[in-house]
Structures are given as structure tokens and as C-alpha cells.
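The values are calculated or read from the model by the stated rules, or taken from the named source; none is laboratory data. Bear in mind the structure is a predicted one, so any value in this text is a computation, not a measurement. Heads up, the Cβs are rebuilt from the backbone with ideal geometry, glycines too, and the neighbour counts pull from every protein chain shown. Quick note on the areas: whole protein, heavy atoms, side chains included, nothing else; ligands and nucleic acids left out. Shrake-Rupley method; radii C 1.70, N 1.55, O 1.52, S 1.80 Å.
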Amino acid sequence: MTRIELRGLSKGFREANGTPHTLFQNTNFEADENDASIAVLGRSGSGKSTLLKILAGLDTHYMGEFRFNEEILQHKESRMAAFRKANVGVITQRYDLLPERTALQNVMLGLGGNKNAFRDPAADALGHVGLSKYENHRVGRLSGGEAQRVAIARAIVKSPAILIADEPTGALDEQTENEVLDLFDILRARGSLLVIATHSERVAQRCARQVVITGKKVVGV
Ligand SMILES: Nc1ncnc2c1ncn2[C@@H]1O[C@H](COP(=O)(O)OP(=O)(O)OP(=O)(O)O)[C@@H](O)[C@H]1O
Ligand SMILES: [Mg+2]
């Protein structure tokens, strides 16, 4: 079973001038492996990245309940860390790669670090995104699209139960985007749950379900 759920989510920020800015007001979101893939849509600034960080367990500053397989997690830092480690692969909008390390070293981090046993699976994951020949290149020297694919490889290397992907193909041309979407289909077929924030109509169409953030709520499309 893989089931994630947000109940009664409320969250906001204070703007630089002190004005409160509400992003989510008492909204709900739920997904399980039967959903296979969910596109999260919404205007720039609507809260897509914020929602994905909450679902990935990377942001716990909100009101409401976050449940994974019925367990309430957001107030238990060690359980949340275990949840992330065991179940979640994340592709953040800004990739969050280590530019001084090689592509292979960055992907090995997706498995926990610099262990010899992680080399082969990391190399396989780089192969899946078409970057075998860049294994030993420093990420800081790669193009934007190549770096994005390193981030994808790092997220998929452990075949996560939940893949959280924030604009995962934003830097890619159409053909490379299709290759990445085919790869995501393979993950889906193996039972992963995918949550993908996107502005791309093509990416959204390939997802089984679409939700949109509007009026401070997450609603079905
Ligand atoms: N840590 C923070 N502190 C203050 N404001 C923040 C913080 N993180 C996000 N915000 C604000 O919350 C709003 C939503 O941000 P978010 O990154 O979730 O939007 P988004 O839907 O992903 O946008 P985009 O499509 O441009 O990526 C923005 O107005 C942003 O400035
Ligand atoms: Mg965003």
C-alpha cells in the first residue's frame, strides 16, 4: 500500500513588508498507488512547489495532518525522515545538485552516499536518462537539461514508492521530455505513485489524474 493524505491543510507566508499571504486554506489532498500519476497544475506562485515539498516531507510548517499509510507523520521528525528515506524520490524545481561532484556521485546520493555498492545502480539510472557518457563529469559543467536529467536519475535510482517531481521536464526539448515521460511510465508500471507539478499541457495529459491549486484549495480538474 502507498497512500499519502493531507487533511485540513492551511499554510501561508509573511511577505517582506509583513503582509500575511495565505497559500492554502483548509484544503485536502489524497493519493494512492491506484492514482498512478497526478499532475499538479496552477498559476505561477499558486503553491505547487510548496505542496510538493509538504508531500515529500521536506516542509512541516503548516496546519493540518499529513498521513502516510494512515500514520500521522508531521510532528514526528524521525518518522518523517524515515518516510523520506524509505519511500520518496524528489526532483526539486532547482535540482539541488552538488555542482562540484560528478554526475555519478550526485546520483549515488539518492541511495544514501558514497558506497561502492551504489555505483552500479547509479550508473544504470544515468543510463536510463541517456547520460552514461557524463558519469564522471562535474555537474557544474553540464547543461541545464543534462543537470535536470541527473536530478531525475538521483530521484529514480532507488525506485521510490512515491516520486515527487517539480517541473521535471522544464529544461528539456520535446524528444528528451518524451524519453523522461516514458521512464516515468515504467516507474508507474512498477507501482510507484507519481506527483508531478507542471505547466506543460503535454506532461499533464500523460498523467492519470489532474488537480489544480486555485482559490487556496487543491481541487480536481
Ligand atoms: N519560504 C518562503 N517564504 C516566503 N514566501 C514563500 C516561501 N516559499 C514560497 N513562498 C511564496 O509562496 C508562493 C508560492 O510559491 P511556490 O514556489 O509554491 O509557487 P509555484 O506554484 O511552485 O510557482 P511556479 O509555477 O512559479 O514554480 C510564492 O508567492 C512564493 O513567493
Ligand atoms: Mg514551483
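Taken over the range 54-66, the residue count meeting the criterion of being open to solvent by less than 40 Å² (accessible area, probe 1.4 Å) and not in a loop (DSSP other than H, G, I, E, B) is 4. Among residues of the range 146-162 that are open to solvent by less than 30 Å² (accessible area, probe 1.4 Å), those with a beta-carbon under 6 Å from a residue that is aromatic (Phe, Trp, Tyr) at least six positions away or on a different chain give the pairs Ala147/Tyr95; Ala151/Tyr95. Could you say whether any residue in the range 16-24 is within 12 Å of ligand 1 (Cβ to nearest atom), surrounded by 16 or more Cβ atoms within 10 Å (Cβ to Cβ), in contact (Cβ under 8 Å) with a residue 40 or more places away in the chain and not aliphatic (A, V, I, L, M)? Within the range 16-24 (the criterion being within 12 Å of ligand 1 (Cβ to nearest atom), surrounded by 16 or more Cβ atoms within 10 Å (Cβ to Cβ), in contact (Cβ under 8 Å) with a residue 40 or more places away in the chain and not aliphatic (A, V, I, L, M)), the answer is yes, since at least one residue qualifies.
Conditions tested, residue by residue: (1) at pLDDT 95 or above; (2) of a type in the set (Phe, Trp, Tyr); (3) away from ligand 2 (no atom under 16 Å from the Cβ); (4) in contact with a Leu (Cβ under 6 Å, 6 or more places away or on another chain).
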{"position": "Leu9", "(1), (2), (3), (4)": "yes, no, yes, no"}
{"position": "Arg14", "(1), (2), (3), (4)": "no, no, yes, no"}
{"position": "Thr22", "(1), (2), (3), (4)": "yes, no, yes, no"}
{"position": "Ser44", "(1), (2), (3), (4)": "yes, no, no, no"}
{"position": "Lys53", "(1), (2), (3), (4)": "yes, no, no, no"}
{"position": "Glu70", "(1), (2), (3), (4)": "no, no, yes, no"}
{"position": "His75", "(1), (2), (3), (4)": "no, no, yes, no"}
{"position": "Gly89", "(1), (2), (3), (4)": "yes, no, yes, yes"}
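Being within 16 Å of ligand 1 (Cβ to nearest atom) and either charged (D, E, K, R) or in a helix (DSSP H, G or I) (or both) is the filter here, so list the residues in the range 133-184 that pass it. Within the range 133-184, Gly144, Gln148, Ala151, Asp166, Glu167 qualify. When you check Val40 against the structure, is it within 16 Å of ligand 2 (Cβ to nearest atom), touching a residue at least 12 places away in the same chain (Cβ under 8 Å) and open to solvent by 20 Å² or more (accessible area, probe 1.4 Å), yes or no? Spelling it out, it is not the case that Val40 is within 16 Å of ligand 2 (Cβ to nearest atom), touching a residue at least 12 places away in the same chain (Cβ under 8 Å) and open to solvent by 20 Å² or more (accessible area, probe 1.4 Å).
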